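Submitted below is the structure of interest, expressed as structure tokens.
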Amino acid sequence: MKRFGLLHHPKISASQTLAQEVEASLRSYGVVAWQASAWDEAEVLRQAPGTDLLITFGGDGTIVRTARIVAAHHLPILGVNLGRLGFLAELQPAQVQDKIEALVDGQYWLEERMMLYAEVKRERRIVHSYEALNDVVVSRGRIARVVRVETYVDGQYLTTYVADGVIVASPTGSTAYSLAAGGPILEPTLFNLLLTPVAPHLTVATALVLPSTAHVHLGLSTEYEASLTIDGQVDLPLVDGDVVTVAASSNVCRFVRMGERNYFYKTLLERLR
């Protein structure tokens with residue numbers, strides 16, 4: 001018997017309503033289904049073991065949050081778009097009921113995407129670690145003063161960015177903050193790291209595409225506030241001397257796809273318009 005998890009956005013009322021409707025339909029096909037808020041990490045992790053597939057009802061942010069939470073469980077994720085952009089989502093709300101039978105029958109394919117793993121070292125001790133789907137960002141705080149980020153790739157000194165910040169993005173994240181900062185768009189199933197400075201001053205201004213084996217070390221030097229941001233959703237204060245290391249995660253995100261395998265370029269042009 002199959003078991004599906006339905007994750008709704010707690011601040012979008014239509015999200016919970018649609019999740020309830022889908023749950024009823026799934027049960028009519030003999031599928032066990034459970035519901036939770038996508039923001040309730042403890043409940044999602046409690047229910048994850050034994051679950052075959054997750055369906056999220058929200059925007060891209062809901063999908064990204066879910067991917068981080070269940071990274072170690074390798075659960076396929078189907079996104080239903082109730083947000084604004086929908087880069088990551090597979091279905092629109094009006095399509096869901098028509099696709100339930102195909103989902104139950106396994107008529108879909110899985111797209112694997114690289115994730116990132118970040119560690120924060122303070123006085124040579126690891127004090128925090130995170131999974132990320134889109135990006136890891138070391139940046140200034142509320143005061144509009146640059147930070148200095150001494151950057152190494154695989155132990156080799158690259159440069160010291162004097163900038164508002166530095167982004168390390170996955171191919172999935174190449175269409176997010178990195179794109180806004182002038183970085184290139186990478187095909188999302190590639191396995192690369194993308195290093196993009198934010199408003200650099202008198203330093204290397206070009207984004208760099210790195211192999212998936214690369215380890216990026218970002219050493220922070222600042223007299224003011226600074227922060228580490230994970231996927232635009234987790235914010236951690238950083239202090240002078242902190243070192244953030246970013247590499248490819250041992251986990252991958254698996255998206256459920258029900259359309260053509262070469263969908264990305266069409267979707268990209270539609271979204272950028």
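Suppose we filter Ala24, Ala38 for residues that are modelled with pLDDT of 95 or more, of a type in the set (Gly, Ala, Ser) and either closer than 26 Å to Gln233 by Cα or within 20 Å of the chain's Cα centre (by Cα) (or both); which single one remains?
Result of the check over Ala24, Ala38: Ala38.
Kindly list, by first and then second residue, each pair from a residue in the range 31-56 that is within 21 Å of Glu90 (Cα to Cα) to a residue that is assigned to a strand (DSSP E or B) and of a type in the set (S, T, N, Q), limited to pairs with Cβ atoms under 8 Å and residues at least 6 apart or on different chains.
Matching pairs, first to second residue: Ala38/Thr56.
Sort out which residues of the range 1-55 are touching a strand residue (DSSP E or B) at 6+ places or on another chain (Cβ under 6 Å) and acidic (Asp, Glu), and write them in order of number.
Glu23, Glu43, Asp52
Could you say whether any residue in the range 77-92 is over 18 Å from Glu260 (Cβ atoms) and in a helix (DSSP H, G or I)? Show your work before the answer.
If we filter the range 77-92 for residues that are over 18 Å from Glu260 (Cβ atoms), which is where we start, we get 77, 80, 82-85.
Imposing the further condition that a residue be in a helix (DSSP H, G or I) reduces the set to none.
Checked against the condition, which is being over 18 Å from Glu260 (Cβ atoms) and in a helix (DSSP H, G or I), the range 77-92 yields no hits at all.
Do we have Val147 as hydrophobic (A, V, I, L, M, F, W, C) and over 19 Å from the mean Cα position of the chain (by Cα) here?
yes
Step by step: first the residues of the range 221-267, then only those that are of a type in the set (A, V, I, L, M) and over 17 Å from the mean Cα position of the chain (by Cα), then the one that is farthest from Tyr161 (Cα to Cα). Which residue is that?
Residue satisfying both the conditions and the ranking: Met258.
Looking at the range 10-17, is at least one residue more than 26 Å from Thr267 (Cα to Cα), touching a helix residue (DSSP H, G or I) at 6+ places or on another chain (Cβ under 9 Å) and outside the structural domain of His217 (by TED's automatic domain parsing)?
There is at least one residue in the range 10-17 that is more than 26 Å from Thr267 (Cα to Cα), touching a helix residue (DSSP H, G or I) at 6+ places or on another chain (Cβ under 9 Å) and outside the structural domain of His217 (by TED's automatic domain parsing).
Filter the range 216-249 for residues that are crowded, with 20+ Cβ neighbours inside 10 Å and assigned to a loop (DSSP other than H, G, I, E, B) and give the result.
Thr222, Asp231, Asp242
Could you tell me whether the range 134-146 includes any residue that is of a type outside the set (Val, Ile, Thr) and under 26 Å from Phe255 (Cβ atoms)?
yes
Results for (1) farther than 28 Å from Val136 by Cα; (2) surrounded by 19 or more Cβ atoms within 10 Å (Cβ to Cβ), shown as yes or no for each residue.
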| site | (1), (2) |
| --- | --- |
| Gly5 | no, yes |
| His9 | no, yes |
| Ala19 | yes, yes |
| Val22 | yes, yes |
| Ser25 | yes, no |
| Gly30 | yes, no |
| Ala38 | no, yes |
| Pro49 | no, no |
| Asp60 | no, yes |
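The values are calculated or read from the model by the stated rules, or taken from the named source; none is laboratory data. Nothing here was measured: the structure is a model prediction, and the numbers come from that model. All Cβ positions, even for glycine, are placed from backbone atoms using ideal geometry, and neighbour counts span all protein chains on display.
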